[in-house]
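Peer 1: Would you mind keeping the following structure in view while I ask a few things?
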Amino acid sequence: MTTFDERESAYESEFAHQEELSFKVRERAISLLALWAAEHLDKTAGASQAYAREIVATDVADPTSDAAVQRIVTDLRAKGIGEQDIHQARDRFLAQAHKAIRGSAP
C-alpha cells in the first residue's frame, strides 16, 4: 500500500468515526429531550422510557428533518410549553450530550 493509499484510508476512518460520534451525540440529545418532555407530560418512569425510545426511533428514521422535535412540540403544546422553550432545551441537551460523548474538545 502506498503512502497515498494509507493516508486516504486514515481520512476515511476518521470521517466514519466523526460521523458515528455525531450520530451518538444527536441521539443522546434527542433522548434527553424526550425524557424532559415526558416529565412535563406527567408520564410514569416506564412510559417515559417508551416515549423516549419512540421519539429516538422517529429521529433515526429521518435524521434530516426535525420530525422528532416537532412531535415533542405538538405533545407539549397542550401543556403550554412553547416551541422556543423546547428548542432551547434541545440546545442544552445537545451541549450536554456533546460534552459527555466527545469530551470538552470540539
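Peer 1: Between residue 4 and residue 49, what is the label-point separation in nm under the 7 Å Cα-to-beta-carbon projection?
Peer 2: 5.4
Peer 1: Using DSSP H assignments, which helices in the chain have an axial alpha-carbon span of 20 Å or above and a mean Kyte-Doolittle hydropathy of 0.0 or higher?
Peer 2: 45-61
Peer 1: Would you compute, from DSSP H runs of 4+ residues alone, the mean residue ellipticity of the chain at 222 nm, taking -39500 (n - 2.57) per run and dividing by the full residue count, rounded to the nearest 500?
Peer 2: -28000 deg cm²/dmol
Peer 1: Highest mean first, what order results for 83-92, 33-42 on Cβ atoms within 10 Å?
Peer 2: Order by mean packing, descending: 33-42, 83-92.
Peer 1: Treating the beta-carbon of each Lys and Arg as +1 and of each Asp and Glu as -1, no other charges, what is the dipole magnitude of the chain about its Cα centre, to the nearest 20 debye?
Peer 2: Its charge dipole is roughly 580 debye.
Peer 1: What whole-number distance in Å separates the alpha-carbon centres of region 73-93 and region 1-51?
Peer 2: One Cα centre to the other: 21 Å.
Peer 1: Please sort 52-58, 7-13 by packing, taking for each peptide the average over its residues of neighbouring beta carbons within 10 angstrom, highest first.
Peer 2: Answer by packing, highest mean first, reads 52-58, 7-13.
Peer 1: A further question follows. Please give the length that would be gained between residue 88 and residue 13 if that part of the chain were fully extended, namely 0.36 nm times their separation in residues minus their C-alpha to C-alpha distance (nm, one decimal).
Peer 2: 23.7 nm
Peer 1: OK, next. Please list log₁₀ I(q)/I(0) at q = 0.14, 0.22, 0.23 Å⁻¹ for the chain, using the Debye equation with identical point scatterers on the alpha-carbon positions.
Peer 2: At q = 0.14, 0.22, 0.23 Å⁻¹ the computed log10 ratios are -0.60, -1.15, -1.22.
Rule-based calculations on the coordinates, nothing more; no lab input. Bear in mind that the values here come from a model prediction, so they are computed numbers and not experimental data. With ideal geometry, Cβ positions are generated from the backbone for all residues, glycine too; neighbour counts draw on all protein chains shown.
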